[in-house]
1. What length, rounded to one decimal in nm, is gained on full extension from N53 through to E205, with 0.36 nm per residue of separation minus their alpha-carbon distance?
2. Which value does Rg/Rh take for the stretch 119-232 over its C-alpha atoms, Rh per Kirkwood?
3. Past 19 Å, Cα to Cα, is the threshold; run K61/K171; K7/K225; K23/K46 against it and keep the listed order.
4. The stretch 1-57: which trypsin sites (Lys or Arg not before Pro) are DSSP loop and have at most 16 other beta-carbon atoms within 10 angstrom?
5. Which residue fluctuates most in the GNM of the chain (Cα springs below 10 Å): D113, D101, D32?
6. Under the Karplus relation 6.51 cos²θ - 1.76 cosθ + 1.60, θ = phi - 60°, what is the ordered set of whole-Hz ³J(HN,Hα) values for the stretch 11-27, x standing for Gly and Pro?
7. Test of understanding: what is the full-extension gain from I3 to D223, defined as 0.36 nm times their sequence separation minus their Cα-Cα distance?
8. Which sequence of T167, T191 reflects their accessible areas, 1.4 Å probe, from the largest down?
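The values are calculated or read from the model by the stated rules, or taken from the named source; none is laboratory data. Bear in mind the structure is a predicted one, so any value in this text is a computation, not a measurement. Virtual Cβ from ideal backbone geometry, glycine too; neighbours counted across all protein chains shown. Side chains are part of the model used for accessible areas, which takes the heavy atoms of the whole protein and leaves out ligands, DNA and RNA. Shrake-Rupley method; radii C 1.70, N 1.55, O 1.52, S 1.80 Å.
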Amino acid sequence: SQIIIDKSNETELQLNNLTLINKDLLVYSSQDLLKYNLLDKNITNKFYQNVSNLRQSSTPKENDFVAIINNDNSIAQYMPESGLIDSKQISFPNENVYLTDISVYSRKLYSLDKNNQQIYKHNLTQDGFDRGTVWLTDNSMLSNPISLAIDGDIFVAEKSGQIFKFTAGEKQEFTIKNLDPKLENIDRIWTYNGLNYIYILDSKEKRIVIIDKEGKTIKQLKDEKWQNPSDMVIIEEERTIYLLDTNFVYEVKY
């Protein structure tokens with residue numbers, strides 16, 4: 001893996017998450033956003049006063065916006081044409097919601113609620129997203145859901161290392177095979193419709209695990225330089241992973 005962004009000298013900056021829209025890699029802390037163009041390698045720094053506490057994000061396949069969770073479970077939207085981030089409306093059918101992840105799929109936003117062990121399905125509206133409806137009919141297995149990924153089915157990762165597969169809200173059989181050491185931590189999972197694999201980020205073992213959609217282990221990626229990886233995006237057709245690790249971003253070819 002090679003470093004493409006190095007902000008290790010900027011001690012006041014704490015980069016937490018990243019996403020990709022078109023050919024721009026967006027890397028952000030709670031209040032700052034860096035835009036790194038994969039083609040010309042230029043970095044643009046942005047600071048947002050009207051939106052803060054940015055967390056997990058999702059870019060739909062249409063690449064027309066990025067939805068980003070704030071710490072208060074509100075939603076912000078980054079628009080690539082203007083480069084602006086604005087707050088958007090969203091609400092939920094349950095009380096005491098705490099979102100750990102979101103995914104935009106087929107023009108719907110799916111939000112993962114740790115406190116209620118639930119997924120909500122939201123429609124796009126003119127000023128954001130609607131109240132959403134409860135999507136999971138079988139959430140009995142969830143305790144600490146941390147990340148979700150959608151390819152028609154929804155895969156939900158638990159912080160403790162479990163992955164659950166749901167079809168139309170119902171739990172399906174799914175186990176990871178031939179992985180050593182086994183997963184005891186998950187920070188992020190990644191897949192989409194049309195992708196062959198599911199990608200799992202495990203900061204405890206400092207690795208990326210690649211499995212197929214039947215659960216078979218394909219490979220593990222490690223690098224002794226990685227210290228505390230926290231997020232990733234994948235371009236499967238280019239066999240490239242962009243990995244955020246403290247204030248570094250690595251380009252990982254596999």
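1. Values: separation 152, 0.36 × 152 = 54.72 nm, distance 2.74 nm.
Once the chain is fully extended between N53 and E205, it gains 52.0 nm.
2. Answer for the stretch 119-232: 1.00.
3. On the way: K61/K171 26 Å; K7/K225 15 Å; K23/K46 17 Å.
From K61/K171; K7/K225; K23/K46, over 19 Å: K61/K171.
4. On the way: sites: K7, K23, K35, K41, K46, R55; in loops: K7, K23, K41.
For trypsin sites (Lys or Arg not before Pro) across the stretch 1-57 that sit outside H, G, I, E and B with at most 16 neighbouring Cβ atoms in 10 Å, the list reads K23, K41.
5. Residue with maximal mean-square fluctuation among D113, D101, D32: D32.
6. 5, 7, 8, 10, 6, 10, 9, 8, 8, 10, 9, 6, 10, 9, 8, 9, 10
7. Values: separation 220, 0.36 × 220 = 79.20 nm, distance 1.18 nm.
Length gained between I3 and D223: 78.0 nm.
8. Working: T167 55, T191 10 Å².
Listed by decreasing accessible area, they come as T167, T191.
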